[in-house]
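The structure appears below as structure tokens.
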2 protein chains.
Amino acid sequence: MSNEKYILKGTIIHTPTPSAFEIIEDGYLVCSNQTVEYLGESLPEKYQGERLIDYTGKLIIPGMADIHIHAPQYGFRGLGMELDPDSTWTTWFETYSLPEERRYADLEYADKAYDKLISDLLKTSTTRLCLFGTIHREATELLMKKLDAAGFAAFVGKLNMDRNSVEGLEETTEESLEETRQWLEETATLYDHVKPMITPRYIPSCTDACMEGLERLIREFRVPVQSHLSEALDEIEWVKSLKPEIDFYAQGYDMYHMLGDEVPSVMAHCVYPTDEEFALMTQRKNLWVAHCPQSNLHSTGFAAPIRRYLQAGVHVGLGSDMAGSNVLNMFRIIADTMLAGKVYWACKERGDDPYAKKTYITISEAFYLATKGGGSLWGNAGSFEEGFAFDAVVIDDTSLADFNKRTARQRIERVIQLADDRNIVAKYIGGKQVL
Amino acid sequence: MSNEKYILKGTIIHTPTPSAFEIIEDGYLVCSNQTVEYLGESLPEKYQGERLIDYTGKLIIPGMADIHIHAPQYGFRGLGMELDPDSTWTTWFETYSLPEERRYADLEYADKAYDKLISDLLKTSTTRLCLFGTIHREATELLMKKLDAAGFAAFVGKLNMDRNSVEGLEETTEESLEETRQWLEETATLYDHVKPMITPRYIPSCTDACMEGLERLIREFRVPVQSHLSEALDEIEWVKSLKPEIDFYAQGYDMYHMLGDEVPSVMAHCVYPTDEEFALMTQRKNLWVAHCPQSNLHSTGFAAPIRRYLQAGVHVGLGSDMAGSNVLNMFRIIADTMLAGKVYWACKERGDDPYAKKTYITISEAFYLATKGGGSLWGNAGSFEEGFAFDAVVIDDTSLADFNKRTARQRIERVIQLADDRNIVAKYIGGKQVL
């Protein structure tokens, strides 16, 4: 089926550029060889007779990329959004994340927990992901196997944590690097669309020796890398104390070629860049910021300077950061991107000027970030331009309707603000129907 | 049925005080004469033989009060969360709210639109409401009739707008007051639990003559009042220019005894109080702030100083402010109260101090605001203390479970962050089962 040529018919909406939605009412979208071959208002003669799946009345949008999600944290989502006022940001991490991740040493537990995650992910608009696993090689390999079986395109990380972890979730530097090597050898070419991604959890979790070893593995296997950067003010202070030789946090990755110079790098959060850090980020053309608006608002009450990153040409995609957020639903993350953009503006730029020029993130920009912005990590994905991976999501928005005739533009606005898994009726990833 | 004595069994959670949840696992809640007669871990001898409804395994919580909701705006929820950067806050209002409200001159339209709203409200945890209608007396009376028939307890307002409206949604001062008088005469004693509430939309919508006339009606009918206060910086500037004789916005209501001195008053938003305004608010013991966190974040990117109001003893309840927000779901509004509390802290109090003392709104405080905080407007409502109105919501949280045993405290945390109408299986208002 996956190499078959077929046609979807419906109201097609995507964002080839961030500045506006491109909308084709009652249009045709042709899949050939797992990619988009044609998009238009009418069906050319040459496609007559090909299989047509008629979604008239429904919306067809590109699949979305969740480029920062902690797979093992799905189970405890919704817990710990309130913590003791005297706690530091690490309290949540030590109370919820690490004890739960410890359980993934047990493959039986990993099996049922990852099954639940993937079954719920299938019902969402997400088609591509960058996932953090745990330090456990076997559980991470199991996660990759399940993602492949479900049809997702994904980069998956076995974590490295050779310091500052909790009892029962520890690895020595040697173990960490040895397991990572074995995992890379086993999975680098195992699947077509599910690939390993080097994942030092973040600087406080990895010794210099570990980072040096990972740098060697990156060069040897030419795999991309992901980590966390400048998420919280006290985290940044901690990094400075752990690595007094660096001037700013991002240098701690850049010195090991993990900031998007040699291989693609996804850095989650990037909420508090200094001017120096920001300047370096703009020079790294293989760097993607994974903007996690709901998580940032929950954990810090503040938001990343996304408008600045976009203006400087830094790649930006969106992440749920499950379970720093509570939802897999990328529509909600798009809506939260707009909302976080307003918080950034109100708290950083407006001051007391009631008529200050607004620099919000627009709805088409936020949609772009969730689709083509994050999708660009895979090359051509997240848009219906010719040659792009055929990732499509079909939406029945009947339940969101009111008693007014709404345009397609208004319908996608409402989908972004209101839709959940009940509205998703079909999903295609790389040409293959997975839902 | 409504005067019958009966017993609910289940895991019962409420907040008699904001500081903590009170949790009774496998407890008993007795309804008698529409109020709570008993709550406890075991069932006293005298209730043996009374009808028992067994919700073992489910959570039973107090009904919630949505004390600021625009009933006619439900239809267009989700639209206009992004507007032109050059627009002022009134643009949204003039693009979406006013044109939609105009349609409620047509009773046939009002009939189907209000049916849809009430049918969806029934599925939520909301049991009590303060609603804004439109300027139309007949549509407002229809809304009241439908709310009564569905079993809700509600205050409902026919709006007054004798200036600064749009074509087709206008009334003269005389019409405004005359229609309001007729409406009060017709509905003041018509229903047991659905009552009229004087509703000048806000100062820019009402001339001095209108406000004076409303003041006379309030004194004559002894009805409560609701309006908007200090929602946006440019709105505040506008009020100042319209009423140069006042020193701050709240005075514009207080001079007409609409700020909670003689009758209860609900003021929505209260995001930007000056020190003088704040001081006056603390003196008005019949004043409730309707905190609308999602709406405030959407419209201003900022949040009201709820911690300050609570410390000063000002009553605070929660509002969806539909369609300034997109949801009727008060669980989401509770979660957004916590989130907005973090935004306020991060942007106003923390500054650059990474270890600054946190003054977030806790989860039990936010839950209290949604239940007893807003419920206190009706006297004893929103809690399971003896003598309180029997408003109860039964929740099946099976779909939110993971593979760990969770405490009742953890279950309510997850419900607040994750639950929607799919999790609500029964609802009681004033002793009557409505769902």
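The values are calculated or read from the model by the stated rules, or taken from the named source; none is laboratory data. Source: prediction; values computed, not measured. Cβ sites come from the backbone with ideal geometry, for glycine too, and all protein chains shown count toward neighbours. Please note that ligands, DNA and RNA were not included when accessible areas were found on the heavy atoms of the full protein model with its side chains. Shrake-Rupley method; radii C 1.70, N 1.55, O 1.52, S 1.80 Å.
A few points about this structure:
- Scanning region A:112-166 for residues that are touching a His at 6+ places or on another chain (Cβ under 8 Å) and among the aliphatic types (A, V, I, L, M) yields A:Leu131, A:Ala153, A:Ala154.
- Some residue of region A:363-377 being open to solvent by less than 40 Å² (accessible area, probe 1.4 Å), within 30 Å of B:Lys112 (Cβ to Cβ) and not aromatic (Phe, Trp, Tyr): yes
- Conditions (1) of a type outside the set (Gly, Ala, Ser); (2) in the same structural domain as A:Val166 (by TED's automatic domain parsing); (3) touching a residue at least 12 places away in the same chain (Cβ under 8 Å); (4) surrounded by fewer than 19 Cβ atoms within 10 Å (Cβ to Cβ): number failed by A:Tyr74: (4)
- Every pair of residues 6+ apart whose Cβ atoms lie under 8 Å, when the first sits in region A:234-249 and is free of Cβ contacts under 8 Å to residues at least 12 places away in the same chain while the second is open to solvent by 80 Å² or more (accessible area, probe 1.4 Å): A:Ile246/A:Lys240; A:Ile246/A:Met255
- Filter result for B:Phe367 (under 22 Å from B:Phe152 (Cβ atoms) and within 13 Å of chain A (Cβ to nearest Cβ)): yes
- A:Gln226 being in the same structural domain as A:Ala323 (by TED's automatic domain parsing) and more than 30 Å from A:Asn329 (Cβ to Cβ): no
- Filter result for A:Trp238 (surrounded by 21 or more Cβ atoms within 10 Å (Cβ to Cβ) and assigned to a helix (DSSP H, G or I)): no
- In region B:265-277 there is no residue matching the filter, namely being over 28 Å from A:Glu349 (Cα atoms) and surrounded by fewer than 23 Cβ atoms within 10 Å (Cβ to Cβ).
- Criterion: modelled with pLDDT of 95 or more and in contact with a Lys or Arg (Cβ under 8 Å, 6 or more places away or on another chain) - qualifying residue of B:Pro196, B:Pro200, B:Pro244: B:Pro196
- Residue within region A:88-111 that is basic (Lys, Arg) and in contact with a strand residue (DSSP E or B) (Cβ under 7 Å, 6 or more places away or on another chain) present: no
- Any pair with Cβ under 6 angstrom, 6 or more apart, that starts in region B:294-317 at a residue that is open to solvent by less than 10 Å² (accessible area, probe 1.4 Å) and ends at one that is in a helix (DSSP H, G or I) and of a type in the set (Asp, Glu): B:Gln294/B:Asp336
- Looking across region A:75-99, the residues that are facing chain B (nearest Cβ under 8 Å) and modelled with pLDDT of 90 or more come down to A:Gly75, A:Phe76, A:Arg77, A:Gly78, A:Leu79, A:Gly80, A:Met81.
- Set A:Tyr360, A:Tyr355: member being over 16 Å from A:Ser125 (Cβ atoms), under 26 Å from the mean Cα position of the chain (by Cα) and at the interface with chain B (Cβ under 9 Å from one of its Cβ atoms): A:Tyr360
- Some residue of region B:50-68 being of a type in the set (Lys, Arg) and either free of Cβ contacts under 8 Å to residues at least 12 places away in the same chain or outside any loop (DSSP other than H, G, I, E, B) (or both): yes
- Looking only at residues in region A:155-202 that are exposed (fewer than 15 other Cβ atoms within 10 Å of the Cβ) and hydroxyl-bearing (Ser, Thr, Tyr), the one that is nearest to A:Phe221 (Cα to Cα) is A:Thr189.
- Residues in region A:100-116 that are crowded, with 19+ Cβ neighbours inside 10 Å and more than 10 Å from chain B (Cβ to nearest Cβ): A:Glu101, A:Arg102, A:Tyr104, A:Ala110, A:Tyr114.
- Selection within region B:381-435 - outside any helix (DSSP H, G or I), within 13 Å of chain A (Cβ to nearest Cβ), under 26 Å from A:Asp111 (Cα atoms) and in contact (Cβ under 8 Å) with a residue 24 or more places away in the chain: B:Asp397, B:Ala419
- Residue that is within 30 Å of A:Glu349 (Cβ to Cβ) and open to solvent by less than 20 Å² (accessible area, probe 1.4 Å), where the choices are B:Leu59, B:Leu79: B:Leu79
- In region B:216-234, residue nearest to the other protein chains (Cβ to nearest Cβ) [restricted to those that are touching a strand residue (DSSP E or B) at 6+ places or on another chain (Cβ under 9 Å) and open to solvent by 20 Å² or more (accessible area, probe 1.4 Å)]: B:Glu231
- Checking every residue in region B:226-243 against the condition of being of a type outside the set (A, V, I, L, M, F, W, C) and in contact with a Ser or Thr (Cβ under 6 Å, 6 or more places away or on another chain) gives at least one match.
- Candidate set from region A:333-352 (those that are more than 7 Å from chain B (Cβ to nearest Cβ) and basic (Lys, Arg)); member that is most open to solvent (accessible area, probe 1.4 Å): A:Lys348
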